[in-house]
Amino acid sequence: MGLLEVTDLWVRYGSIEAVRGLSFSVEEGSIVCLIGANGAGKSSTLLAVSGLVRAGNGRIRFAGKDITGRRADLIVRDGLVQVPEGRAILAPLTVEENLDLGAWTIGDQRQAHEARNRVYALFPRLAERSRQAAGSLSGGEQQMLAIGRALMSGPRMLLLDEPSMGLAPVVVTSVFRVIEGIARSGTTILLVEQNARQALRISQRAIVLSHGRLLREGESKTLLADPVVVEAFLGKT
Amino acid sequence: MSRVGFRRLVPWAVACLILAADVFISVRNHADLDRLLINVILALSAFATLHARMLSLANAGFMAIGAYTSAILAVKLGLPVAISLPAAVLLCGLVAVVIGLPVLRLTDVYLAICTLGFGEVVRILIVLLPGLTGGPTGANLSTGFPYEAMRRTQTWMIAAFLALLVYLFWAMSRSKTGRAFRAIRDRPQAASTMGIDIVAYRNLAFLMSAMIAGAAGAFYAHSVGSLDNSDFRFTRAVDILSYAVVGGSGQWFGPILGAGLLTALPILLRDSLGASIGFLRSFAQLPNILTGLGLLLVIIFLPGGMAHALHLQRKGTRGRTAGSVESGKDALAAPGAATGTGPQDFLSVHELTRVFGGVEALRNVSLQFEKGRIYGLIGPNGAGKTTFINLVSGLVTPTSGGIMWQGKAIHGHRAHQIARAGIARTYQSIRLFDEMSALDNVIVGHHAHIHTSLLSTWLRLPREAREEGEARDQAARLLERLGLSELAGRPAGTLSYGDQRRVEIARALALHPLLLLLDEPAAGMNEVETSRLGRFLLELKDHGYTLVVVEHHMDLIMGVCERIAVLNFGRVIALGTPTEISGNDQVLEAYLGRD
């Protein structure tokens, strides 16, 4: 059984059905990517899993426990943390203050301090700039901060919503490298990406969504060569 | 389904209950009916400013001016109400224009405090002029007024005036003006880059609000028959504001519901408690306490106000009507001819510098743009690309240096003027009007091309319907060109990221610009969608548009741009063709990376 099990998930906004009966599972320790066209329901799926939107129907199980309809802050305490689309760092606060917010669920000061040091070890740039306002960081550094903040609570699983969006090409490469590194250290990752080629390269399995439904599921290597996937998301070359 | 149906009924049932309660109290007591009608008029005066994103508390002051002016003219000069009332309204308008000039530069809480001060000044003036106003003891008008004889006519007049107001607001809400107000309330900056003159609309809103409050004051004077400066205290301003908040300031009918509820509730409670046991009756404030509780409940359960709940449902049922699109016509009509003489006169920036708090976001940037080409602007995050677009579109003024557009200097011009001069833009962080449909967003882009005045909207001149229809058709065609026809009726905020970007492009194209500044148009799009966008940008070029594209998708930049400028730390580090740029050492180092 996977670490995350989603069964027959539906997400509706008024009369609009964003996700229609989606089922998938994510094995512990792997990177699974979720790709699909705009409006296919990728972000809605992540938001439903992290409890930020209500699942209309279906079951979401995390680490063997039913988390459907559970409050978002409690899901974070369960060890499932989302890095939001567009980074959502708090620009006027310092880098360190942003990180400390990620340790909200940790009561113990010493533990929080250790968590911060772990994040600084992973992202030395953040340590250099710990006293700077987060808004003064470059786009890539802000993405590192958003990921670092999510790692503060020591989650078992990360949900990443388009971490490469709006980043310079040279930075995109390093963001994907960081994601691979996090996965190697044992954190499970569910990744939503528009940069489908890169996402398929670093992930083990992939889920392809179309109009809120499952279009394909399988090993990323296989899907990279799948004619339907190539046609719809990768284009020529 | 039945549960959904039931939920939908609740707000309508509440609205009907309020109306029923209002009819009930009105039938029994004419004084209550007058009060109800006047409160509804006051609520509309609050709405006039709120829906232009202004928190004004001047209504009580204007109500006082209207009340005393009309009363003095009628009693001391013996003029008929038909003259004294319009005169009072005009005076309020005049005062609004005069104090609006300095006051409307303020926003948010500063505006609230300043307008509150205005209300107090009016009240103090009333107290200080006893010869004219009766001073602190108040003015009793009944001596000069055949009170009983005037009563019925008064109620009828108030009702007629209210009906007129309702028509004016209803007609305005469906017009260019109403759309502009909604756009300003939602995102003032984006509205200004759509060619909407925010200052002018704020002045208009303040003027309407003042005149309506003045009329309400005049009716109040003639209905009550006596005036006291304490009728126009701070608490009156707060009451008026709460009508709009409870009812919902998003739609014009919201404040009507709010005033209906908050007027009827205390009256009904007063009357029903009057008959109850003496223990309760001894609490004179009980009706007020219960009204306050009701207010709290509404704010907790219907945060957008009652009208918001009703409006959301209507949007749900209206659904996805894209409107029938007349095919054959090309949505991308060629932009107007440039008035400059040579290609170098199209757009050029000279030594452009912008400093933000000691940081040079852009430093001595000089670039020239020719008509009909696609330019790329690339560089690391924070290199000054967005600052460049903000400078050219007039949202930010340069610290030094100049921007020449078709032979004229435009630095220092306001954003709406620049938009009307032919420069349109999209935003890196999407700034659509979220609650409006995708189609309405694009129609806002047509703002500068709809010439109907508010007066012809109110008079229902045929030109208005024709221009609105044309704008709607053009907007639908633009959405079709961007592959968004099916989503036209959806509120823009519910669309996916990439679709919102396309709506923004359609909205910018609706301005019929000569130059289009696109800030990361492909962010949130996958490779196939990005290459489709690239083809569309080339089509725009073929139609004669000039484009400046800020992007990180190198396939798009290298595929469509003829010339590329690379920024790093606010300076141009490279300039050239795609081939030159992709081989440039500095660019590889700073931006592209070496594999």
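The values are calculated or read from the model by the stated rules, or taken from the named source; none is laboratory data. Treat the numbers as computed from the prediction; the structure is a model and nothing was measured. Don't worry about glycine lacking a Cβ; one is built from the backbone with ideal geometry, like all the others, and counts go over all protein chains shown.
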Contacts under 7 angstrom Cβ, first residue in region B:346-373 being in a loop (DSSP other than H, G, I, E, B), partner crowded, with 19+ Cβ neighbours inside 10 Å and of a type in the set (Phe, Trp, Tyr), 6 or more apart: B:Phe346/B:Phe369; B:Glu370/B:Phe346; B:Lys371/B:Phe346
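Which residues, counting only those in region A:142-196, are of a type in the set (Lys, Arg) and in contact with a Ser or Thr (Cβ under 9 Å, 6 or more places away or on another chain)? Spell out the reasoning first.
Of region A:142-196, the ones of a type in the set (Lys, Arg) are A:149, A:156, A:177, A:184.
A:Arg156, the sole residue that qualifies.
Among the residues of region B:400-408, is there at least one that is part of a helix (DSSP H, G or I), of a type outside the set (Lys, Arg) and either touching a helix residue (DSSP H, G or I) at 6+ places or on another chain (Cβ under 9 Å) or surrounded by 18 or more Cβ atoms within 10 Å (Cβ to Cβ) (or both)? Steps first, please.
Taking region B:400-408 and keeping what is part of a helix (DSSP H, G or I), we get none.
There is no residue in region B:400-408 that is part of a helix (DSSP H, G or I), of a type outside the set (Lys, Arg) and either touching a helix residue (DSSP H, G or I) at 6+ places or on another chain (Cβ under 9 Å) or surrounded by 18 or more Cβ atoms within 10 Å (Cβ to Cβ) (or both).
The rows are residues; the columns are (1) part of a loop (DSSP other than H, G, I, E, B); (2) of a type in the set (D, E, K, R); (3) in contact with a Gly (Cβ under 8 Å, 6 or more places away or on another chain).
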| site | (1), (2), (3) |
| --- | --- |
| B:Asn441 | no, no, no |
| B:Val444 | no, no, no |
| B:Thr452 | yes, no, no |
| B:Glu467 | no, yes, no |
| B:Arg477 | no, yes, no |
| B:Gly483 | yes, no, no |
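Does B:Leu547 qualify as being in contact with a Cys (Cβ under 9 Å, 6 or more places away or on another chain), more than 11 Å from chain A (Cβ to nearest Cβ) and closer than 29 Å to B:Ser366 by Cβ?
On the way: in contact with a Cys (Cβ under 9 Å, 6 or more places away or on another chain): yes; more than 11 Å from chain A (Cβ to nearest Cβ): yes; closer than 29 Å to B:Ser366 by Cβ: yes.
Against the criterion (in contact with a Cys (Cβ under 9 Å, 6 or more places away or on another chain), more than 11 Å from chain A (Cβ to nearest Cβ) and closer than 29 Å to B:Ser366 by Cβ), B:Leu547 qualifies.
Is it the case, given these coordinates, that A:Leu167 is within 12 Å of chain B (Cβ to nearest Cβ), farther than 23 Å from A:Leu101 by Cα, of a type in the set (A, V, I, L, M) and in contact with a Gly (Cβ under 6 Å, 6 or more places away or on another chain)? Please lay out each step first, then the result.
Values: within 12 Å of chain B (Cβ to nearest Cβ): yes; farther than 23 Å from A:Leu101 by Cα: yes; of a type in the set (A, V, I, L, M): yes; in contact with a Gly (Cβ under 6 Å, 6 or more places away or on another chain): yes.
Yes: the conditions hold for A:Leu167.
For region B:1-112, list the helices (runs of 4 or more DSSP H) that sit wholly inside it and hold at least 2 residues that are out of contact with any strand residue (DSSP E or B) (no Cβ under 6 Å at 6 or more places or on another chain) and modelled with pLDDT of 90 or more; which are they?
Details: elements: B:2-28, B:30-50, B:59-75, B:81-103.
Passing ranges, in order: B:30-50, B:59-75, B:81-103.
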A:Leu52 vs. criteria more than 14 Å from chain B (Cβ to nearest Cβ), under 23 Å from B:Leu495 (Cα atoms) and part of a loop (DSSP other than H, G, I, E, B): yes
Verdict on B:Leu495 being more than 14 Å from chain A (Cβ to nearest Cβ) and surrounded by 16 or more Cβ atoms within 10 Å (Cβ to Cβ): no
Which listed residue, of B:Arg472, B:Arg414, B:Arg463, is modelled with pLDDT under 90 and outside the structural domain of B:His51 (by TED's automatic domain parsing): B:Arg463
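Could you check region B:518-532 and list, in sequence order, the residues that are of a type outside the set (A, V, I, L, M, F, W, C) and at the interface with another protein chain (Cβ under 7 Å from one of its Cβ atoms)?
B:Glu520, B:Gly524, B:Asn526, B:Glu527, B:Glu529, B:Ser531
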Any pair with Cβ under 7 angstrom, 6 or more apart, that starts in region B:160-173 at a residue that is assigned by TED's automatic domain parsing to the domain that holds B:Ser209 and ends at one that is assigned to a helix (DSSP H, G or I) and among the aromatic types (Phe, Trp, Tyr): B:Leu168/B:Trp458; B:Ala171/B:Trp458
